[in-house]
Every structure is written in structure tokens, then in C-alpha cells.
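The values are calculated or read from the model by the stated rules, or taken from the named source; none is laboratory data. Bear in mind the structure is a predicted one, so any value in this text is a computation, not a measurement. Ideal geometry is used to build each Cβ from the backbone, glycine not excepted, and the neighbour counts take in all protein chains shown. Accessible surface is based on the protein model in full, side chains and every heavy atom, while ligands, DNA and RNA are left aside. Shrake-Rupley method; radii C 1.70, N 1.55, O 1.52, S 1.80 Å.
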Amino acid sequence: ARRTSRRAMTSVARRLGRVVPLPNLRLTLQPPRLSRDDLARGVDEVVFRADPRVTKLEVRAYLERALRVKTTDVRTSNYDGAKRRDRGGFHRRAAFKKVYVTLGERWFPPEAFRAKDARERDDDARARRASARAGGTT
């Protein structure tokens, strides 16, 4: 019974003429580290954080077929999880892979991705400390 279901799947893919990528690929977009002026001009490279088992071909296929984003280059870099120690002994954070994608056209990130000035960072830190003293969380 297993063989027939596999054959049926391949024949369906053949009939469609393409393989449809499943959206089970988790890519977390990292905010670009650029100034306001640079963000206004747009970016041509974005960085994602992904599972270490993800390949360049899977990322490119997912972005181009499922999200309809044109890519010109995909580069990856593997990172081991950091080793931490607490009362229970040593623990390791999860390993991850950074995926650098060069886009076919410029992308203009939303305002939430813009880099904060030093003054804005200080203001946010003060607000968090004041909220913590008052008993609230942010």
C-alpha cells in the first residue's frame, strides 16, 4: 500500500508539472542594521535565521515559489548554540543557520525595522526601568 501512495504522489506532481513547496520552512527575518537614510533607499540583501538542516536550494525554492520573491544569490553560515551553565549543569542553546539572500529588486523595510538612535535607545531603557519599578512589564 505504501508503494502505490508514493507512486500516486509522484504522478500528481508530474501532472501538475511542478513540485509545490510546503510552507513548513521556518525563516525568521532579522532586522537590517542600517541607518534611517540607508533604509529609505531600500536594501538588496536580507538575513534570515533558520534551522541548521535547511539547504540553500530549499530557501531559494521557498522564497521564489511560495512567496514570489526574486533572488539572485543565497549564502549560508552555520552557528553552534552557545554553552550556558546554571545550577542544573551545562546546557546548550539551539544551533541555527543564518541565510543571506540577495534580492532581485530593492526592498523597503517597514518602519519597525529601522535602527534606533542612541537617544531613542536611552529613552527606551529609562521607560523600561521606570515600568519595572512601578511593577509593570513591557
For peptides 83-90, 56-63, 25-32, sequence by mean Cβ density within 10 Å, most packed first:
56-63, 25-32, 83-90
Jot down the radius of gyration and Dmax of region 46-138, Cα atoms only, both in angstrom.
19.1, 50
Of the listed peptides 101-109, 47-55, what is their order by residue-averaged count of other C-beta atoms within 10 Å, with the highest listed first?
47-55, 101-109
Ignoring ligands, DNA and RNA, how do LYS97, LYS70 rank by accessible area with a 1.4 Å probe, largest first?
LYS70, LYS97
Taking the Cβ of VAL69 as the centre, find all other residues whose Cβ is under 10 Å away and add up their charges (Lys, Arg: +1; Asp, Glu: -1).
+2
